[in-house]
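Heads up: the structure comes next, in structure tokens.
The values are calculated or read from the model by the stated rules, or taken from the named source; none is laboratory data. Computed from a prediction, not measured in an experiment: that's the story for all the values here. No Cβ is skipped: glycine too gets one built from the backbone with ideal geometry, and neighbour counts run over all protein chains shown. For the accessible areas, the whole protein counts, side chains as well, though only heavy atoms, and no ligand, DNA or RNA atoms are used. Shrake-Rupley method; radii C 1.70, N 1.55, O 1.52, S 1.80 Å.
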Amino acid sequence: MTHILYFAHDLADPAIRRRVMTLQAGGATVSLAGFRRADNGLADIDGLVPIDLGQTADGRFAQRMACVAKASLALPAKLSPVKKPDVIIARNLEMLALARRAVSHFGAHVPVVYECLDIHRLLLNEGLPGKLLNAVQRALGRNVKLLITSSPAFVENYFKPRSGLNLPVLLQENKVLALDGDDMPAPSPRVPQVGEPWKIGWFGALRCRKSLQILADFAAKMDGKVEVVLRGRPAYSEFDDFDSFVARAPHLTFYGPYKNPEDLASIYNDVQFTWAIDFFEEGQNSSWLLPNRLYEGGLHGALPIAVAGTETARFLQQRNIGHVLEKASVASLEAMFSALSDASYLQSFQTLAAIDRQQWITDVDDCRELVRVLQSLTMRPDGRPVDAVPSMALSGRTS
């Protein structure tokens, strides 16, 4: 059985939990090490006790680097109970530094996989900080066997032209983990009853101040005809006072965190639309990503709302689903909902529901295929390393 050591930047991130569950469902055993940024429920849910490397602060890059340096010194002692892994996965750049340190601890020939699902704004900086950070990434990426990323736009806009990395790329979209996919009921349309509002759901990592302001202003202007529902984990460092702002905003409600994937059906079935717009790093990462909520909403029949010129908008336009706004504004949302009728909603819903479910989910076969690809990175029986994963699993190379 393949043993994977997974270095996580944030043990409380639901995406980390989902990746661990994916690897386990694929037949791997997983050891998890990482930093805390909030209460970690992973061990309680999965029976996995992570190796705690310390606490970092969201949005404080220098503090995180200091924590990585400190953790690097303590890493041999922290990893002493861990059996030598077959593969090491490093989620984000800072964890790649620790993965390299772990290879030194366990000995050579443990393949390292670099998982990068967001492009940090400092990597795109044209000045000295950006050049230095990219140089560090190139140095740490030397001898890495595989890059995992979640959007083709990351490859085309950053990894190929700018990163200087030369790695096979495995595209792993942010699909919903559905280990019992065959038992999932098909979504049903939910036209509001007379007097009830249409509902827009903004779920997941809530980190976009501009989105919050647009949605709050729009809900206030519609005066009860549209309600905005927020669920997930707010990045409090990105807001002046998230809780007070939401408490004051009419027709906008925050219901707190949820379990992914266990709670997805119930929360998405409560709304008709998914807010799939993000301005957190406008024109860069936010324009290139394909967010979790796109797949979650698509699976559960919540029509996605995107803004033109983004990878999410292109995704929707290629499939003729959802709504693409020319501009994300109160006026454009007002125009969209003014033209909305029960009949037009039902037509849009049926188009979305007709999409093959495999577009939205990662099933058990997908989990096994991921572990198989990772397993192919390990040593051959004759001791020679495998230099690349099978081409059928790849979206190309970074350069």
Can you give the charge dipole size of segment 200-283 about its Cα centre, rounded to the nearest 20 debye, using +1 on the beta carbon of Lys and Arg and -1 on the beta carbon of Asp and Glu?
100 debye
Going residue by residue through segment 150-158, the Karplus relation 6.51 cos²θ - 1.76 cosθ + 1.60 with θ = phi - 60° gives ³J(HN,Hα) values, rounded to whole Hz and with x marking Gly or Pro, of 10, 9, x, 5, 5, 5, 6, 9, 10
Note, segment 61-70: 3J(HN,Hα) by Karplus (6.51, -1.76, 1.60, θ = phi - 60°), whole Hz, Gly/Pro = x, goes 5, 4, 5, 5, 5, 5, 5, 5, 4, 5
In whole Hz, with x marking every Gly and Pro, tabulate ³J(HN,Hα) for segment 14-19 from phi via Karplus 6.51 cos²θ - 1.76 cosθ + 1.60, θ = phi - 60°.
x, 5, 5, 4, 5, 5
Of the trypsin sites (Lys or Arg not before Pro) in segment 264-330, those whose Cβ has at most 12 other Cβ within 10 Å and which sit in DSSP loop:
K327
Under 5 Å between amide H atoms, partner at least 5 residues away or on a different chain: which partners does D270 have, H built in plane at 1.01 Å?
none
Eigenvalues of the alpha-carbon gyration tensor of segment 14-144, times 5 and square-rooted, give semi-axes in Å, largest first, of 24, 18, 15
What span do the alpha-carbon atoms of segment 107-184 cover on each of the three principal axes, reported in whole Å from largest to smallest?
53, 34, 16
Sites excluded, GluC sites (Glu not before Pro) in DSSP loops with at most 15 other C-beta within 10 Å, longest stretch of the chain
127-261
Measure nothing fancy, just the Cα-based angle from helix 342-353's long axis to the longest principal axis of the chain, in degrees from 0 to 90, nearest 10.
20 degrees
Any idea which of G127, V144, F106 is furthest toward the positive side of the dipole for segment 83-146, if Lys and Arg beta-carbons carry +1 and Asp and Glu beta-carbons -1?
F106
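Ignoring ligands, DNA and RNA, what accessible area per residue does the chain give at 1.4 Å, in Å²?
With the other protein chains kept in place, the chain gives 43 Å² per residue.
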Of every hundred units of 1.4 Å-probe accessible area on the chain, the number belonging to carbon and sulfur atoms, as a percent, is 50 percent
Between F254 and residues 5 or more places away or on another chain, the pairs with built amide H atoms under 5 Å apart involve L230
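Is segment 146-279 best put as rounded, prolate or oblate by its Cα gyration tensor, with a ≥ b ≥ c the root eigenvalues, rounded for a/c under 1.5, and otherwise prolate when a/b is larger than b/c, oblate when not?
It is oblate, given that a/c is not under 1.5 and a/b is not larger than b/c.
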Could you pull the accessible area for R142 with a 1.4 Å probe, rounded to 10 Å²?
140 Å²
In segment 119-222, what is the count of Lys pairs whose alpha carbons are under 17 Å apart, counting only pairs at least 8 residues apart or on separate chains?
4
Which residues does a label at R162 reach in segment 279-300, if reach means a backbone N under 19 Å from a point 7 Å past the Cα toward the Cβ?
279-291
Between beta-carbons, use under 9 Å as the cut-off and find the net charge around I267, counting Lys and Arg +1, Asp and Glu -1.
-2
For the chain, find the longest principal axis of its Cα atoms and tell me its angle to the long axis of helix 93-106, 0 to 90°, nearest 10.
30 degrees
Compare S150, S286, S80 in a GNM of the chain, Cα atoms joined below 10 Å, and give the one with the largest fluctuation.
S80
Once you have a ≥ b ≥ c as the square roots of the Cα gyration tensor eigenvalues for segment 166-214, tell me rounded if a/c is under 1.5, and otherwise prolate or oblate according to whether a/b is larger than b/c.
oblate
Describe numerically, in nm with one decimal, the distance between label points set 7 Å from Cα along Cα→Cβ at K221 and at A354.
3.3 nm
Surrounding charge for V112, neighbours by C-beta under 13 angstrom, Lys/Arg +1, Asp/Glu -1, total +3
Relative to the longest principal Cα axis of the chain, at what angle does helix 364-375 sit, 0 to 90 degrees, rounded to 10?
30 degrees
